[in-house]
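Accompanying notes for the structure given below.
Each reported figure results from applying straightforward, stated rules to the coordinates on display, with no laboratory input. This is a predicted model, so every value here is computed, not measured. Cβ placement follows ideal geometry from the backbone for every residue including glycine, while neighbour counts extend to all protein chains displayed.
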Amino acid sequence: MATETGVDGEFEGRVNGSIFEFDPRRAVLGTAGIAGFLAMWWAASLSQPEFVLPSPIAVGETFYAEAASGEMAIAIGHSVRHWVPGAAIGTALGVAAGVVLAWSSIADDVSAPIVRTLRPVPPLALIGFAIAWFGINHAGAAFIIAVGAFWINFYAAYGGVEGVSEDLLDVARSLGVDRDVNLLRSVVVPAASPEILTGVRTGIGRCWMLVVASEIFGVPGIGRRILRASNNLQVDVVIAYILVLSLMFLVVDVAFRTVQRRVLAWR
């Protein structure tokens, strides 16, 4: 059995290329950690009014009520409608721009002033542009999410391509791979894929965080539900929908990690 360390530092093993068996020790420790957190939360809630810190039981009841009423499914559906295109477009453009600019010194020099000017601008500062260009709708929210995904993937791809060994390129050229397109497709992108995929995974998590921000100007979804509940001091509803965000991210992250392991099986 071969072993390796995953991108997030955790121990992973493979048996004939598949993810290794369940680790009971880690499962027990993780369960104990969750139980300890819930116990501390419950103890803290005893000294606070419910509108300040509801108990885990109260939040669980609210979670069930929101799910049973259909409100939660509607909010998730709205958020997914701008999360998916925003994350997909931002990721694709960020990876493409990072690869091109890292590979071409001319393109890098020409775009460097623009990149350095736009990079510090937070996605929230572009809400005015989102409203003016797309309106208060899913497209405007997707624009905010795409901006956040773009920069993470841009720098991940840029760093990955920039770090490709010159010796590897020299070997490829000596074997007849001399055109830029062929080098990028056959050598550079595969060699940089660990960094690129790490950027994609990080960007996915960032996009879920931006869901709340992208809905701040009136677009319906999970974030809008959280903001409305906050204004009404419905802390139990806020926590319930924060848990929804966490669960959605967990599902997507686990699915992406499965794909990532398969793509990087050659390592």
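Each listed q (0.22 Å⁻¹) maps to a log10 I(q)/I(0) for the range 16-131 from the Debye sum over equal C-alpha point scatterers, namely -1.18.
The gain in end-to-end length when the residue 186 to residue 100 segment is fully stretched comes to 29.5 nm, 0.36 nm per residue minus the alpha carbon separation.
Rounded to the nearest 500, the helix-only mean residue ellipticity at 222 nm of the chain stands at -24500 deg cm²/dmol, with each DSSP H run of n ≥ 4 adding -39,500 (n - 2.57). Think of each Lys and Arg Cβ as +1 and each Asp and Glu Cβ as -1; about the Cα centre, that makes the dipole of the chain roughly 380 debye. Subtracting the Cα-Cα distance of residue 265 and residue 129 from their residue separation scaled by 0.36 nm leaves 44.8 nm.
The Kirkwood radius of the range 85-137, taken over pairs of alpha-carbon atoms, gives through the Stokes-Einstein law at 37 °C and 0.692 mPa s a diffusion coefficient of 255 µm² s⁻¹. Volume per residue of the convex hull around the Cα atoms, evaluated for the range 186-262, comes out as 92 Å³.
Cβ crowding within 10 Å ranks 93, 197 as 93, 197, fewest other Cβ atoms first. The relative contact order of the range 54-263, computed from alpha carbon pairs under 8 Å that lie at least 6 residues apart in sequence, is 29 percent. Going by neighbour counts of Cβ atoms within 10 Å, the residues 155, 64 line up, fewest first, as 64, 155. Compared with the direct C-alpha span, the chain from residue 67 to residue 52 gains 3.1 nm at full extension, assuming 0.36 nm per residue. Here the peptides 32-42, 80-90 are ranked by packing, the mean other Cβ count within 10 Å, and the order with the highest first is 80-90, 32-42. Taking θ as phi - 60° and the Karplus parameters 6.51, -1.76 and 1.60, the scalar couplings of the range 209-216 work out to 5, 6, 4, 4, 5, 6, 9, 6 Hz in sequence order, x denoting glycine and proline. Taking only the Cα atoms of the chain, the ratio Rg/Rh comes out at 1.05, with Rh defined as the Kirkwood radius. Identify which of 257, 224, 173 has the largest mean-square fluctuation in a Gaussian network model of the chain, with springs joining Cα atoms closer than 10 Å. Of 257, 224, 173, the Gaussian network model singles out 173 as fluctuating most.
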